[in-house]
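Worksheet: the structure to be examined is printed underneath.
The values are calculated or read from the model by the stated rules, or taken from the named source; none is laboratory data. None of the values given here were measured: they were computed from a predicted structure. When we count neighbours, we look across all protein chains shown, and the Cβ atoms used for this are built from the backbone with ideal geometry, even at glycine.
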Amino acid sequence: MTAFTIQDVSRRSGLSEPTLRYYEEVGLIGPIDRDGSSGHRRYSSEDVDALQLLACLRAMGMGIEDMRTYQANRARGRAAAAEQRDLLLRHAERVEAQIATLRGACSAGGRVRLR
């Protein structure tokens, strides 16, 4: 089994080291194995795959709770396919609403605060 350091995973995923620790802390990934002598995190290939997926979800603006739901659905496999689709469709609708808000603000010359 290939083991990756937190630095390796940060480079591969584009997520910062503090973010990797936070994702483990809030249960989005892990628990991550530790080196027996140093106690440093050692990520598996599966961990790296999951983190790369989380990085994509984060880049799309998905929040932690939706990412947690996505991961839980992913673990359930085909049984959760409809729920997974619905989660992504709801997120797409939120993104489209934000785009519409921004377009309206730009055309009106105003400022918009997105949440």
Could you please find all residues in segment 67-98 being charged (D, E, K, R) and within 27 Å of Thr5 (Cα to Cα)? Arg68, Arg74
When you scan segment 11-25, do you find a residue that is small (Gly, Ala, Ser) and outside any helix (DSSP H, G or I), even just one? yes
Exactly one of Arg78, Arg42 is among the basic types (Lys, Arg), out of contact with any helix residue (DSSP H, G or I) (no Cβ under 8 Å at 6 or more places or on another chain) and surrounded by 11 or more Cβ atoms within 10 Å (Cβ to Cβ), and that one is Arg42
Restricting attention to segment 34-82, report how many residues are more than 16 Å from Val9 (Cβ to Cβ) and of a type in the set (Phe, Trp, Tyr). 1
Somewhere in segment 47-63, is a residue hydrophobic (A, V, I, L, M, F, W, C), more than 24 Å from Gln98 (Cβ to Cβ), touching a residue at least 12 places away in the same chain (Cβ under 8 Å) and buried (at least 18 other Cβ atoms within 10 Å of the Cβ)? yes
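Residue by residue, here is whether (1) outside any loop (DSSP other than H, G, I, E, B); (2) at pLDDT below 90; (3) over 16 Å from the mean Cα position of the chain (by Cα) holds:
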residue	(1), (2), (3)
Gly27	no, no, no
Glu46	yes, no, no
Glu65	yes, no, no
Tyr70	yes, no, no
Arg74	yes, no, no
Ser107	yes, yes, yes
Arg113	no, yes, yes
